[in-house]
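Everything below concerns the one structure shown next.
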Amino acid sequence: MNIDKIFKAGLFLAGFITMLLIIASFISLLIESIPAIKAFGIRFLTSSTWDPVLEEFGFLPFFIGTLLTSIMALLISIPFSLAVSLFLSEYFKSGIISKILNYATDLLSGIPSVIYGFWGLFVLMPVVRYIEMKLGIIPYGVGILTASLILSIMIIPFSSSVAREVIRLVPSDIKEAAYSMGATHFEVIRKIILPYSKSGIFAGIMLAFGRALGETMAVTMVIGNANRIPKSLFEPGNTLASVIANEFAEASSDIHLSALIELGLLLFIVTLIINFAGSLVIKRFEIEK
Amino acid sequence: MKNNIGKRIFLNHLFKVLIISLSLFTIIPLFLILYHIVKNGISVIDFEFFIRLPKPPGEEGGGILHSLVGTLILVIIAFIIATPLGIFTGVFLAEVKDRFSNNLRFLINIIQGIPSIVIGILVYIWIVIPMGGFSAFAGGVALAIMMLPVVIKSTEETIKMIPDTLKEASYSLGVNYTRTILKVVIPSGFGGIASGLIVAISRVAGETAPLLFTAFGSSFLNVNPFKPIDALPLLVFNYAMSLYESWHRIAWGASFVLLVFVLILNVLVKIAGAKWRTRF
């Protein structure tokens, strides 16, 4: 009896520590950003200058860099991830090809991001630089475009696995009803399956978007690390995550460190919101089903 | 409608071809990455590569022993911290149904996608600053925090699958709650919990971002958990970003080792999942 009470208290303690960790993370980030919040206030969100030497910090260049790379990566990856999920859930549900594709997307999500970055830097970057030379623009090689391309490969597994699951959940009786009316496979997909599963597909895309926003290493290695607002997709830039990775360990002053932690706090809040939205959609989908 | 039949059938075929070609195109980057890593990596690797320490830039040869040892130490520290906390929290979520546990489950779900670089900042605030410097311990804690959600969720899912009849049978023999959980419930879910742990390890073994300002990296062989330590992914990052040709070659070799290591863990997960599947 006594032992059970202690054991139950132990279980609760574990849950409590985990809860404490999560809450403390937000509070710690907030406390450590206070010097920067006090010093720059709202200017931090509107200024496009990030200059550690002059101690002037604004997050706009990184915010725009993050949005550009993530949205570009999403746009590039959506056709592919949708195709993969339809391939696996509608066209080839079993068999050797679907096994290979299934395993390949698993592998894609298993490769460490530093390896993506390394590959991107030594294989993809020269290709982009070659294209830039042909186009007659400054051949940086590294930049927003290269980072988006790498990101798009990395996030395909996330959106495609969610989409695949929700497409599988489409009840077969309504599909069969459409077939019995003489609809082709394409029409069933377009008029029945996609409308039925669109919220789930959207949730998968949100999940992938959250990944893209916070992805650090691969982006850091190929984005070119320029602390200014990129004027075109071919220019180098920086994201919230990549500037933290680059400058944190060598932060020149306390206010620089605090500004970097404020960037971390903003990144934390943005991904929380995106994940929250995604999980709400998935939850609603589970209830509907 | 009738006149359109040809067009509809054509569209149907066109769409199928489109889906198949886009899907197959998705595999190409994977093969390219594997091809380049294997091709450039394998030529660097010999026995010396695993037992030597790095040489100064420009000099040929040298190995990655220090970062292999470092990764091993970091993963062990993370494992020691994350396993008890993760398993107990998972059991707690599966066993206790109240508002607190519901909120906790919700928070864990949301926290799962937090960028790993943010965890690096947190551990810097919590451990590196108070302890006065970068250390293997700080790196291990960062990895442990990354492991936690995976371990908790897999434990919870596994425990939930274990039928109540099993617990009731145990109670009816006069066994108390503590022993029922420790000796009946957790052992029956061993497969699910173990494969969750391997998944978590395979996730964090390749992580770089949370180590950048916790473990920090080092070019010396270090086994002291309170000193900075190197890790395979950190080495790949630092060497890849350097300007030395000889270091780039080492980075290819290290990438190959890291990739093989992570892929073996992935295969282990599949085997463990199939062999110890929790089924009732």
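The values are calculated or read from the model by the stated rules, or taken from the named source; none is laboratory data. Source: prediction; values computed, not measured. Reconstructed Cβ throughout: ideal geometry from the backbone, glycine too, with neighbour counts over all protein chains shown. These accessible areas exclude ligands, DNA and RNA; they are computed on the full protein's heavy atoms, side chains included. Shrake-Rupley method; radii C 1.70, N 1.55, O 1.52, S 1.80 Å.
Key figures
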| item | result |
| --- | --- |
| Taking N as its residue count, the alpha carbon Rg of chain B over 2.2 N^0.38 Å | 1.28 |
| Within-15-Å neighbourhood charge of A:ILE115 [Cβ basis; K, R +1; D, E -1] | 0 |
| Cα-based reach from A:LYS175 at 14 Å (exclusive), listing aspartates and glutamates while leaving out same-chain residues under 8 positions away | A:GLU90, A:GLU187 |
| Shape call, the stretch A:87-222: gyration tensor on alpha carbons, a/c limit 1.5 | prolate |
| CD proxy at 222 nm, helix term only [per DSSP H run n ≥ 4: -39500 (n - 2.57); per residue of the protein assembly as shown; nearest 500] | -23500 deg cm²/dmol |
| Percent carbon-and-sulfur accessible area, the stretch B:117-159, ignoring ligands, DNA and RNA, probe 1.4 Å | 66 percent |
| Angle in degrees between helix A:2-40 and the longest Cα principal axis of chain A, rounded to the nearest 10 | 50 degrees |
| Solvent-accessible heavy-atom area per residue, rounded to whole Å², over the protein assembly as shown at 1.4 Å | 45 Å² |
| Potential extension, A:LYS8-A:ASP254 segment - 0.36 nm per residue separation minus Cα distance | 84.2 nm |
| Crossing angle, helix A:254-288 versus chain A [Cα axis fit, 0-90 degrees, rounded to tens] | 10 degrees |
| Accessible carbon and sulfur surface of the stretch B:173-270 relative to its total accessible area, %, 1.4 Å | 70 percent |
| Rounded percent of accessible protein surface that carbon and sulfur make up, the stretch A:150-212, 1.4 Å probe | 64 percent |
| Check: the protein assembly as shown dipole with +1 on Lys, Arg Cβ and -1 on Asp, Glu Cβ, in debye | 1980 debye |
| Total formal charge among the other residues, if their Cβ is under 14 angstrom from that of B:PRO187, Lys/Arg +1 and Asp/Glu -1 | +3 |
| q = 0.08, 0.10, 0.18, 0.19 Å⁻¹, the stretch A:130-289: log10 I(q)/I(0) [Debye, one scatterer per Cα] | -0.38, -0.55, -1.06, -1.11 |
| Pairwise Cα inverse-distance average, inverted: Kirkwood Rh of the stretch A:66-165 (Å) | 14.7 Å |
| Cα extents of chain A along the three principal axes, largest first (Å) | 77, 71, 32 |
| Filter on A:LYS191/A:LYS283; B:LYS97/B:LYS153; A:LYS5/B:LYS167; B:LYS153/B:LYS227; A:LYS198/B:LYS97; B:LYS55/B:LYS227 - keep pairs with C-alpha separation over 27 Å | B:LYS153/B:LYS227; A:LYS198/B:LYS97 |
| Solvent-accessible area buried by A and B, counting both chains, probe 1.4 angstrom, square angstrom | 6900 Å² |
| Accessible area of B:VAL260 in the full protein assembly, 1.4 Å probe (Å², nearest 10) | 60 Å² |
